[in-house]
Amino acid sequence: MLNFSKNCKRILALTLIAMLLPIFSFAATPKGNEITKAEFIAKISEYFAWPHPTEYNDIWKAPLKQFNDVKTEDKYGKQIEVAYEEGIISPDASGNFNPENGISRQDAAVIFVKAFMISESDKDVNFSDSDDISVDARGSVNALVELGYMSGKTHKLFRPNDLIKKEEVDRIFDKITSVMVTPVQALPKQHNNIELFAPRRYVKLYCPTPDATIYFTKTIATDIDEIQEPPMPDITDPDQIYTVVDDGHIKEDYSRNVHTYVVYKAVAVKDGMAISPVQTFTWNLHRPEDADFGHELILEKTATSPAVYQLYNNSESVRAMAWYIEGQESGILFDALQTKINIKNLKDYIDANIVTKPYDVIIGHAHPDHAVQVPNFINDHDVYSNERGWGSLTRYLPDPVDQAKVKNIEEGDLFHLGGCDLSVYAMPGHADDNIILQDKANGLIFSSDIYGCTRAGSADNVGVLRGGMKVDILLSLAQQTYSNYKKDGGKTTMLFTGHDEYPLGDNNLKLFEAALQQVVDKGEDGCSPTLRGGNNAPYSRTTLIGDMWKDGTNWISLQLSGIMGDDTEYLTNNAAANYNGEDGFMQYSVLSNIEIDGGELVGKPLAWAPPSEVNYAGETIIVEKSLQNKFDPWSYDYTIKVPTSNENITIIPTTMSTMVKSIRLNGKKIEYRSSNTIPVSDGTVITIDIIAPDKITTSTYTFTVDKISE
């Protein structure tokens, strides 16, 4: 009786365990060539190119969904989390995914069917163990077997609970992707929760099947109860075709204070393959009519560094950023947003919520999204704006009396805030008057719009060739400005732009230069069509580096001028050469920058456009479109001031093109951007000779040393 009792207890315990097991098969640790759940999901996520929320900059994306036992930084953490976001996997009762477990054949079938949107089948498979297939997996297994994508372990047995092997996963995957076109995907991702919304979307459609053609239709509703499903796309109608090259990211931006529901229906086709399953996407768009300003503390104030606050208004069309910077004694409001002064008062807001010291206002550039609130500050604060933007400033300050109160700000100015200083630089291109502030000691750079914006959700790019600017001149200015940032031990740690919600870094400054450099080096081959549909004309010429959906904030897109393939001159055309056209860029035999340690270059005016007349403060003024004391690539004779105590100087020449055939310093061949130490005395003449990529065009620069008393 005792042995019988023990056996009964064992049987009862085993029975209870079996009852508690999940409906799917027990997933044992895989052996040999059996695939783990993590590896299986990674293969699917990577094929569909689903971006992880940490890989793109979009403050309106849905909150990240996570398993208890998977971290984003795990080997396949991102792939698992995006699959969860896409709804093809879900947690167990404990909130876990169990990534190192194997995956059964029937569970793999369920995921394949969900990922590729294959319709389940109620036609039961003909296997002797078909009763072992779970109810939840039966429709998926039936479909894959019926379509020939999956087979049994033998002719008679399916073995649904066996762990699937890597080669079988590959075989099924290859069959599916070679027979049917994969469902169309969309970015930014739709919100499964209809209560989540964004003010606007720029939609990219893509199909993982190479060379598939996407067709789509859409409907728009302003009432959730009136949302209608779009008609089925007509794959014979070329007007319904979408390509990123032709259409960019499709702009969806509608009236304020109205919820707009945009619904897409999309399919993709390819000759010789089954048409893709139909995909439907919905975006809820809403921008308030009148919102109050908002702010966020980005950096705490210390004895030697300023407090930095982000300022914004959610009702503004492009949601620009203003920055309040406060030291121990005073502060600066950099930019003044877009909200109309009869609706909200930015001065009242920051006075009540942020400032603790007297402050000035500096307009980074006088475009509407950065300057409309200026009138609220003009009577009680010093307001600074570069004179090259005063013509635009009259839109917000129509009274000549108020216009006369604005003070000019220019490169070389310095603002003392107490415990920290802000140096002023000028970088025209996006606007003639674009001003940049740098806290050299702390590495903080406030740039307004010139360095672009990394928002993926807005498919952002920034026009940088306005007012007559050319790519090569802007490249030279970018290099000279970066050299000045670094001068005297300056740091470049944080970059605060006019539209990024949070600070970028030094790499974004380098991306800006690299984006311009590729155009100078390659001409039209360094350009690409715009991705920002709706704002830019189709095929607008841009320069792009990186992927907004994969590279986080480490990408850049800058709009240049003209349309791809047209004859717009986006490079310089002067007496030296016309650098436009098919091979014009091959003629660059000039320097774009020269850095000198131990001496100071006596610069020249660098102009990008002729002067203009502006009616301002009751007078007609002449505004020069040039910066003083700069290195001009097409001026070839310079003086270098060197203290008498310096016996050597170090020169770093940078050629406009990285593809030049030769650089010689005093007859000696040197490398691009190399550091070269030279002994000098009063009257020493230094020569730099350059041969262009075309091996024909040449330039020679002379730099004469002028020894000066310290």
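Can you tell me which residues in segment 500-559 are among the aliphatic types (A, V, I, L, M), in a loop (DSSP other than H, G, I, E, B) and either without any contact (Cβ under 8 Å) to a residue 12 or more places away in the chain or open to solvent by less than 20 Å² (accessible area, probe 1.4 Å) (or both)?
Met548
Pull up segment 24-81, narrow it to residues that are small (Gly, Ala, Ser) and outside any loop (DSSP other than H, G, I, E, B), then point me to the one that is surrounded by the fewest Cβ atoms within 10 Å (Cβ to Cβ).
The qualifying residue surrounded by the fewest Cβ atoms within 10 Å (Cβ to Cβ) is Gly77.
From the list Phe512, Phe446, which one is more than 25 Å from Phe585 (Cα to Cα) and under 22 Å from the mean Cα position of the chain (by Cα)?
Result of the check over Phe512, Phe446: Phe446.
Whether any residue in segment 118-129 is part of a helix (DSSP H, G or I), farther than 29 Å from Ala62 by Cα and either of a type outside the set (Asp, Glu) or in contact (Cβ under 8 Å) with a residue 40 or more places away in the chain (or both) is what I want to check.
No, that holds for no residue.
Which numbered condition trips up Ser458, out of (1) in contact with a Pro (Cβ under 8 Å, 6 or more places away or on another chain); (2) assigned to a loop (DSSP other than H, G, I, E, B)?
Condition (1) is where Ser458 drops out.
Looking only at segment 680-708, which residues are closer than 27 Å to Gly598 by Cα and either among the acidic types (Asp, Glu) or touching a helix residue (DSSP H, G or I) at 6+ places or on another chain (Cβ under 9 Å) (or both)?
Scanning segment 680-708 gives Asp682, Asp689, Asp706.
Mind listing whichever residues of segment 289-298 are surrounded by fewer than 20 Cβ atoms within 10 Å (Cβ to Cβ) and of a type outside the set (Val, Ile, Thr)?
Of everything in segment 289-298, those that are surrounded by fewer than 20 Cβ atoms within 10 Å (Cβ to Cβ) and of a type outside the set (Val, Ile, Thr) turn out to be Glu289, Asp290, Ala291, Asp292, Gly294, His295, Glu296, Leu297.
Checking Ile652 against (1) open to solvent by less than 30 Å² (accessible area, probe 1.4 Å); (2) of a type outside the set (Gly, Ala, Ser); (3) over 20 Å from Thr572 (Cβ atoms), only one condition comes out false. Which one?
Of (1) open to solvent by less than 30 Å² (accessible area, probe 1.4 Å); (2) of a type outside the set (Gly, Ala, Ser); (3) over 20 Å from Thr572 (Cβ atoms), only one is false for Ile652: (1).
Please work out which one of (1) at pLDDT 90 or above; (2) over 23 Å from Lys175 (Cβ atoms) is the condition Leu20 fails and give its number.
Of (1) at pLDDT 90 or above; (2) over 23 Å from Lys175 (Cβ atoms), only one is false for Leu20: (1).
Inspect all residues belonging to segment 609-631 and state whether any of them is within 31 Å of the chain's Cα centre (by Cα), farther than 30 Å from Lys405 by Cβ and at pLDDT 95 or above.
Among the residues of segment 609-631, at least one is within 31 Å of the chain's Cα centre (by Cα), farther than 30 Å from Lys405 by Cβ and at pLDDT 95 or above, which makes the answer yes.
Could you name every one of the strands (runs of 3 or more DSSP E) located completely within segment 566-672 that has at least 3 residues being among the hydroxyl-bearing types (Ser, Thr, Tyr)?
Qualifying strands (runs of 3 or more DSSP E): 648-655.
Pairs only if they're at least six apart or on different chains, beta carbon under 7 angstrom, first in segment 599-612 and among the basic types (Lys, Arg), second surrounded by 17 or more Cβ atoms within 10 Å (Cβ to Cβ); list them, first residue then second.
Lys604/Lys630; Lys604/Asp632
Specify the residue that is farthest from Leu444 (Cα to Cα); the eligible residues are those in segment 405-424 that are in contact with a strand residue (DSSP E or B) (Cβ under 7 Å, 6 or more places away or on another chain) and in a strand (DSSP E or B).
Of everything passing the filter in segment 405-424, Lys407 is farthest from Leu444 (Cα to Cα).
Go through segment 678-699 and give me each residue that's of a type in the set (S, T, N, Q) and under 39 Å from the mean Cα position of the chain (by Cα).
Thr697, Thr698, Ser699
Report, by residue number, each residue of segment 133-142 that is in a helix (DSSP H, G or I) and surrounded by 15 or more Cβ atoms within 10 Å (Cβ to Cβ).
Matches in segment 133-142: Ala137, Arg138, Gly139, Ser140, Val141, Asn142.
For segment 392-439, how many residues meet the condition of being closer than 26 Å to Thr304 by Cβ and open to solvent by 40 Å² or more (accessible area, probe 1.4 Å)?
7
Here is a list: His286, His259, His249. Which entry is more than 21 Å from Pro210 (Cα to Cα) and within 25 Å of the chain's Cα centre (by Cα)?
His286
Under the condition of being surrounded by fewer than 20 Cβ atoms within 10 Å (Cβ to Cβ) and hydroxyl-bearing (Ser, Thr, Tyr), which residue from segment 490-499 is nearest to Leu606 (Cα to Cα)?
Per the stated criteria, the residue is Thr492.
Where residues in segment 335-352 are assigned to a loop (DSSP other than H, G, I, E, B) and charged (D, E, K, R), which of them is most open to solvent (accessible area, probe 1.4 Å)?
Lys340
Among the numbered criteria (1) in contact (Cβ under 8 Å) with a residue 24 or more places away in the chain; (2) closer than 30 Å to Asp211 by Cβ; (3) assigned to a helix (DSSP H, G or I); (4) not acidic (Asp, Glu), which single criterion is violated by Val145?
The one condition Val145 does not meet is (1).
Kindly provide the set of residues from segment 454-489 that are over 26 Å from Ala62 (Cβ atoms), open to solvent by less than 10 Å² (accessible area, probe 1.4 Å) and of a type outside the set (A, V, I, L, M), ordered by number.
Of everything in segment 454-489, those that are over 26 Å from Ala62 (Cβ atoms), open to solvent by less than 10 Å² (accessible area, probe 1.4 Å) and of a type outside the set (A, V, I, L, M) turn out to be Gly463, Asp472, Ser476, Gln479, Thr481, Tyr485.
Going residue by residue through segment 639-660, is there one that turns out to be under 20 Å from Val519 (Cα atoms) and charged (D, E, K, R)?
No, that holds for no residue.
The values are calculated or read from the model by the stated rules, or taken from the named source; none is laboratory data. Bear in mind the structure is a predicted one, so any value in this text is a computation, not a measurement. Neighbour counts run over all protein chains shown; Cβ positions are idealised from the backbone, glycine included. To get the accessible areas, we keep the full protein, side chains included, count just its heavy atoms, and leave off ligands, DNA and RNA. Shrake-Rupley method; radii C 1.70, N 1.55, O 1.52, S 1.80 Å.
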